[in-house]
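Heads up: the structure comes next, in structure tokens.
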Amino acid sequence: MDLRAELLKSIWYAFTALDVEKSGKVSKSQLKVLSHNLYTVLCIPHDPVALEEHFRDDDDGPVSSQGYMPYLNKYILDKVEEGAFVKENFDELCWTLTAKKNYKPDRNGNSVVSHQDAFKLWCLFNFLSEDKYPLVMVPDEVEYLLKKICTAMNVELNSCELDDYLSQEPQGQGGLTVWQFLDMVNSGRFLRGIEQEAISMAVEEVYQEVIEDGYLWKKGQLRRNWSERWFMLKPSVLSYYMSEERKEKKGSITLDKHCCVEVLPDRDGKRCMFCVKTLSRTYEMSASDTRQRQEWTLAIQTAIRLQAEGKKSLHKDLKQKRREQREQREQRKAAKEEETQRLKQLQEEKERKLQELELLKEAQRQAEILLQEEEQRRRQQHEEMQRTLEIQLREAEQARASMQAEMVLKEAEAERQRKRILELEDMQERLQEALQQEVKARQDEEAVRYAQARLLAEEEEKLKKLMKLKEEQEEYIIKTQREKQVLKQEMENKNKCLEEAQKQLEEVRVNRQRVDQDVMAAQRKLRQASTNVKHWNVQMNRLMHPIGPGDKRTNVSGGVFAGYQPLLSRRDSSLK
């Protein structure tokens, strides 16, 4: 299907949408506006003279599709250049015109697909529909499209339920119209229990697979820097643009049979790299993930193979093959019916001839009674006719044997096809297992990172507790020093009292006993404080030096408060 046929399909929807009275004709003013919009979206220079001349007001009345086709071919389709316009904008124009009249989603907002997803399904329908008007999609293509959407969501399509639905749905021209197809999808009968977001992602994935474009990182040739570009793949060229609007084209890569695609190791901070090698240059690119890299490399390799085989598009080639297979099935069915009819005719001929044979025998018996002389001649005639019938019977048996042999060959071919389908299903299961393993590996990596973050948080919490203990120790040391100063002052007072003890000896003895008791209590406090200081010094050293893997524990005799031990010993001596 060439570009002209693709554009005509969308324009046909726009034309029929303007036909409000369903008479097959559209007013000239509406066709004038439609032609002006087609000029704009197809990036064709406007020809106002031809437009006014063709759609001037006269008494001819509305214009039919056949009357509009000469102008459409001469002034619009003949001037269209592939790659000079954005086809998505063209499709959106035609979709906007036809959806207002024909697309009727659920007014309560319970539609399975959004308006944008309905537009993409409309584009996919146009791509897979038959090349005859009115446009319909045969049941095989409907099942093919629904299976691709379900495969993108890892859901299995219920083929039996689809066959029941298609058998109940009235089909014109041997298939479904796009509005019947959208109503079937919005009914939720085949996508039951699936969220709208998942359906939207699946439709987007199938749409992008058919369009074959997306973002990649590309390495420059002169500056050698990495830039993000929007790539669009065609069978003969891989073009890249500044953004997905495709307004500013940055370059293109011509694909031929001498090109090849290779996967590259990660480097320069880029991952999922691959390159496209041509005769003149090597283009390095980077995808967002491994799956996208695999899809792009496979698509480019397929484009190179199609270019070498002289084909235009993978999906168009697959569509043509499916169409040829349907035609072959129809031909085989017609041939089988014809062969059955021929066998039936042969059987009837055989029965008729057997009846004639019985009549001849009866005539021969009557002739034997009436004419004995003609017995020999009639017997010879009878034998000759019998030989003729036997020859015809042998030919019929041979034809039957050849048909049976052909049926055996067809069954063998069907068995080979079933084996091939089983192999493809096995390969698909292996690919899904590999994808699940990758997802599990990523989940394990996230769990390890979470555990590491938790350990760091616990270590930070312990460090805060350690600093708090250190502050408490410093406060306790300051308090002990203050008590020491108080004790020194008391010693001085006691010395003064000793000078007066000569006069008041009895009072001094009493005071001395009280002082001794106070000294003993102070010694107990000092010993307890020294023990506490040593204990917290050991705890401080242990927390300030966490033991790592492979480190040896060292016995630290000193610490933060080691300098206070001589001070305590001097105090003990002064008290003594």
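The values are calculated or read from the model by the stated rules, or taken from the named source; none is laboratory data. Values in this document were obtained by computation on a predicted structure and should not be read as measured data. Virtual Cβ from ideal backbone geometry, glycine too; neighbours counted across all protein chains shown. Side chains are part of the model used for accessible areas, which takes the heavy atoms of the whole protein and leaves out ligands, DNA and RNA. Shrake-Rupley method; radii C 1.70, N 1.55, O 1.52, S 1.80 Å.
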- Query: Given the pairs K234/K440; K464/K525; K470/K525; K120/K147, which are separated by over 26 angstrom at their Cα positions?
  - Reply: K234/K440; K464/K525
- Query: Looking at N225, L51, Y165, which one has the Cα that reaches farthest to the positive end of the dipole of the chain (charges on Cβ: Lys, Arg +1; Asp, Glu -1)?
  - Reply: N225
- For the chain, with every protein chain kept in place, what is the accessible area per residue (1.4 Å probe, Å²)? 67
- So what does the Cα-only Debye profile of the chain read at q = 0.06 Å⁻¹, as log10 I(q)/I(0), no solvent term? -0.63
- Heads up, I need the accessible area for S200: 1.4 angstrom probe, whole protein in place, Å², nearest 10. 40
- Item | Local electrostatic count, C123, Cβ distance below 12 Å [Lys/Arg +1, Asp/Glu -1] | -3
- Note on the structure: Ranking S129, S402 from most to least accessible area with a 1.4 Å probe gives S402, S129
- Expected sort for 478-491, 287-300 on mean C-beta neighbours within 10 Å, highest first, is 287-300, 478-491
- Task: Return the lysines within reach of K361: Cα separation strictly under 26 angstrom, same-chain partners fewer than 8 residues apart disregarded; answer none if there are no such residues.
- Result: K344, K350, K353
- Task: Please determine, in degrees from 0 to 90 and to the nearest 10, the orientation of helix 565-575 with respect to the longest principal axis defined by the Cα atoms of the chain, where the helix direction is its Cα long axis.
- Result: 30
- S530, S23, S35, ranked by accessible area, largest first (probe 1.4 Å): S23, S530, S35
- Note on the structure: Using the Kirkwood radius over Cα pairs of the stretch 9-168, the Stokes-Einstein translational diffusion coefficient at 10 °C and 1.306 mPa s, in µm²/s and rounded to a whole number, is 88
- Query: H115 accessible area, nearest 10 Å², 1.4 Å probe?
  - Reply: 110
- Task: Report relative contact order for the chain in percent, whole number only (criteria: Cα-Cα under 8 Å, sequence separation at least 6).
- Result: 6
- Task: With a 1.4 Å probe and every protein chain kept in, tell me what percent of the accessible surface of the stretch 444-512 is carbon plus sulfur.
- Result: 52
- Query: Does the stretch 387-503 come out rounded, prolate or oblate by the C-alpha gyration tensor, with a ≥ b ≥ c the root eigenvalues, rounded set by a/c under 1.5 and, if not, prolate when a/b is larger than b/c and oblate if not?
  - Reply: prolate
- Query: What is the stretch 84-191's relative contact order, in percent, from Cα pairs under 8 angstrom and six or more apart in sequence?
  - Reply: 33
- Message: Viscosity 0.890 mPa s, temperature 25 °C: what is the translational diffusion coefficient of the stretch 1-86 from Stokes-Einstein with a Kirkwood Rh over Cα pairs, rounded to a whole number of µm²/s?
- Response: 183
- Query: Largest first, how would Y39, Y450 line up by accessible area (1.4 Å probe)?
  - Reply: Y450, Y39
- Sulfur and carbon atoms: percent of accessible area, the stretch 1-86 [1.4 Å]: 52
- Antiparallel DSSP beta bridges within the chain, percent to nearest 5: 100
- Reachable aspartates and glutamates from K74, Cα under 13 Å, same-chain residues fewer than 8 places away excluded? D47
